[in-house]
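Rule-based calculations on the coordinates, nothing more; no lab input. These numbers were taken from a predicted model, which means no experiment stands behind them. Cβ sites come from the backbone with ideal geometry, for glycine too, and all protein chains shown count toward neighbours.
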Amino acid sequence: YPVESIRNFSIIAHVDHGKSTLADRLLEITGTIAKTDRNKQVLDKLQVERERGITVKAQSASLFYNYKGVNYLLNLIDTPGHVDFSYEVSRSLSACQGVLLVVDANEGIQAQTVANFYLAFEAQLAIIPVINKIDLKNADPERVEKQIEKLFDIPVSECIRISAKQGTNIEKVLEKVIEKIPPPQFNTTDPLKALVFDSTFDHYRGVIANIAIFGGEIEKGHKIVSAHTNKRYEVNEVGILTPNEQPTHKLYAGQVGYLIAGMKEVTEAQIGDTLFMYKQPVEPLPGFKSAKPMVFAGMYPVDQTEYNNLKSALERLTLNDSSVTVHRDSSLALGAGWRLGFLGLLHMEVFNQRLEQEYNTSVILTAPTVPYKAVLSSAKLIKEYRNSEITIINPAQFPDKHSVSEYLEPTVLGTIVTPQEYIGKIIVLCQDRRAIQKEMLYIDEHRVMLKYLFPLNEIVVDFYDALKSLSSGYASDKAYATGKFLCERLKDTIPRQLFEIAIQAAIGKKIIARETLKAYRKNVVAKCYGGDITRRMKLLKRQAEGKRLMRKIGNVEVPRDAFIRVLKRQ
Ligand code: GDP
Ligand code: MG
């Protein structure tokens, strides 16, 4: 395939607008997969994706299509729509020259439509708007096309109306891809330059790297070097994804495919790395900005003897999901573990689920928190940290307020798209969450786009739920009410133990709420047959000692989801 007949594109959209379903139809119509009724989001291969019905990993597939007598090679990347995974979207876009921007004909433009549009726009990609679900009774493609024109300055005439579910107008999509998206501008005769845009660890074959070739060509037997580690490898296999790995003789400039080159360690073939030919070094590609974690949680093996297994599982999974940050950590109660950083709560849950399902591990995850910064006023602490400003990712390490002149919290610019009748309630909700309004724009006669600057801590756990139900209203003295609420919730979620547990909420040293979880009382006295008072006392004393011991060494079993449930306000 000459470079002129290659097209590389991603499908981007708000969650549930039909990206993966459109990918199914494109795979079918090009004969990449057989056409059956059973094809439902076939690119969502992970168990977690099938169970939750969402895409969490970008997935590539190469399609072959004959258009006006010319054979084309089309590389499609299906992407996740949820904001927590937008890191996957940006990476996918680096391997593309264009995108299909899918918008639901009923829902219209939503927050992630806007965010994803700007990712593609800033990357200077060709953008083809696709109005999906025109089969729905309430579909209003005309209104959605006007929104697209108003917000993105793309003429109404550029939009394609389709039903991915029923397979309406799918050829039109392929025609537009070929006509509107430019072929990659890379040369086969240049030295090899390959971008690793994704990476997975296979138990038998080691690292499998997904690569986009920005110059030159690559085949089995070639000696290549990683710009990141400077290590040398011999290529064992190259190929394309259809969507399963299919070995090919070579990969050429402009193509997207995979490579296996005997990389056995997960630190090799990092996402964002550039590969070049041995003795023909090239300027490495910019790579990727490292992701900025927004939510932190402690992770510990349920059983400390599992520490090393969990460690290697973590390393392998973070190879595939490089947006997770890992720091070693330990806790008195839970032993040695890690403090992990995630892009959001859903990301945290999905990562945890993947660890369990794909690596057969069992972990304890602690309550999610957001990072804070403290500007230190104590000379002693400044000296200790060698810095006057520190980032705190673990609430246990919060410095005392007397040695801090200012605390800083992370904020996010949030976009809300809503029918106008809810504006009043939404504004109240946002104000309740200490948000500052930045923009308010009518995107058509009935819908409004609001932009607010939110303290992340106020929205990270339950804002979306609150927004959905619009039921706000909680006590104005938030600290006390929240403390009481959390203690009560914990009391309800933690099963009773053989010893009494005090559940306290504290601000610094000040306890603001307390609940007591009563112990089960084993009736040790029942064993002795009445009478003997000294024996009775002895047993009771032993029980008391036993309790004290258990409290010291006892592990409180906190149910896995308890923390998340506890942090939800409703
Ligand atoms: P994604 O999150 O953008 O990948 O969306 P999916 O492809 O997973 O689709 C989300 C839901 O919308 C699924 O239940 C699909 O069956 C449904 N869906 C997708 N395309 C259409 C369509 O053209 N018409 C209708 N009625 N439903 C669709
Ligand atoms: Mg999807």
Seminar exercise, completed: In deg cm²/dmol, rounded to the nearest 500, the helical mean residue ellipticity at 222 nm of the chain, built from -39500 (n - 2.57) for every DSSP H run of length 4 or more, is -8500 deg cm²/dmol
For this session: Excluding residues fewer than 8 places away in the same chain, name every one of the lysines whose C-alpha is closer than 21 Å to that of Lys35.
Result: Lys19, Lys45, Lys133, Lys165, Lys172
Seminar exercise, completed: Rg/Rh over Cα atoms for the chain, Kirkwood Rh, comes to 1.04
Exercise. On average, how much area does the Cα convex hull of segment 65-121 cover when viewed from any direction, in nm²?
Worked result: 5.0
Exercise. Which shape class applies to segment 266-422: rounded if a/c is under 1.5, otherwise prolate when a/b exceeds b/c and oblate if not, where a ≥ b ≥ c are the square roots of the Cα gyration tensor eigenvalues?
Worked result: rounded
Seminar exercise, completed: Ala115 and Asn230 label points (each 7 Å along its Cα→Cβ direction) are spaced in nm at 3.9
For this session: Quick one: dipole size for segment 98-185, taken about the Cα centre, charges +1 on Lys/Arg Cβ and -1 on Asp/Glu Cβ, in debye to the nearest 20.
Result: 160
Exercise. Once the dipole of the chain is set up with Lys and Arg at +1 and Asp and Glu at -1 on Cβ about the Cα centre, which of Thr229, Ala396, Ser86 lies farthest towards its positive end?
Worked result: Ala396
Problem set entry | Gyration tensor (alpha-carbon) shape descriptor, segment 281-357, a/c threshold 1.5 | prolate
Problem set entry | Most to least packed among 268-280, 36-48 [average Cβ atoms within 10 Å] | 268-280, 36-48
Exercise. Under 16 Å from a point 7 Å along the Cα-to-Cβ line of Asp400: which residues of segment 485-510 have their amide N that close?
Worked result: 507-510
Exercise. Are there any helices in the chain, counted as whole DSSP H runs, that stretch 24 Å or more along their axis by Cα and score at least -1.0 on average by Kyte-Doolittle, and if so which?
Worked result: 533-553
Seminar exercise, completed: Lys and Arg at +1, Asp and Glu at -1: neighbours of Leu453 with Cβ under 12 Å from its Cβ sum to +1
For this session: Assign unit charges at the C-beta atoms only (+1 for Lys and Arg, -1 for Asp and Glu), then state the dipole size of segment 128-179 relative to its Cα centre in Debye, rounded to the nearest 20.
Result: 280
Exercise. Given H placed on each backbone N at 1.01 Å, which residues far from Glu237 in sequence or on other chains put an amide H within less than 5 Å of it?
Worked result: Ile260
Problem set entry | Dipole-positive endmost among Val207, Tyr385, Val103 within the chain (Cβ charges, Cα centre) | Tyr385
For this session: Evaluate the distance, in nm, between pseudo-label points positioned 7 Å from the Cα of Gln353 and of Lys510 along their respective Cα→Cβ axes.
Result: 4.1
Problem set entry | Cα principal axis extents for segment 24-70, largest first, Å | 41, 23, 10
Exercise. So what is the relative contact order for segment 2-154, in percent, with contacts set as C-alpha pairs under 8 Å and at least six apart?
Worked result: 28
For this session: May I ask for the net charge around Glu265, where only other residues with Cβ less than 11 Å from the Cβ of Glu265 are counted and Lys, Arg are +1 while Asp, Glu are -1?
Result: +1
For this session: Starting at the first residue of segment 365-377, write each ³J(HN,Hα) from the Karplus equation 6.51 cos²θ - 1.76 cosθ + 1.60 with θ = phi - 60°, in whole Hz, x for Gly and Pro.
Result: 10, 8, 4, x, 9, 9, x, 10, 10, 10, 8, 7, 10
Exercise. Hey, if you put +1 on the Cβ of every Lys and Arg and -1 on every Asp and Glu Cβ in the chain, which of Leu355, Leu125, Thr113 ends up farthest toward the positive end of that dipole?
Worked result: Leu355
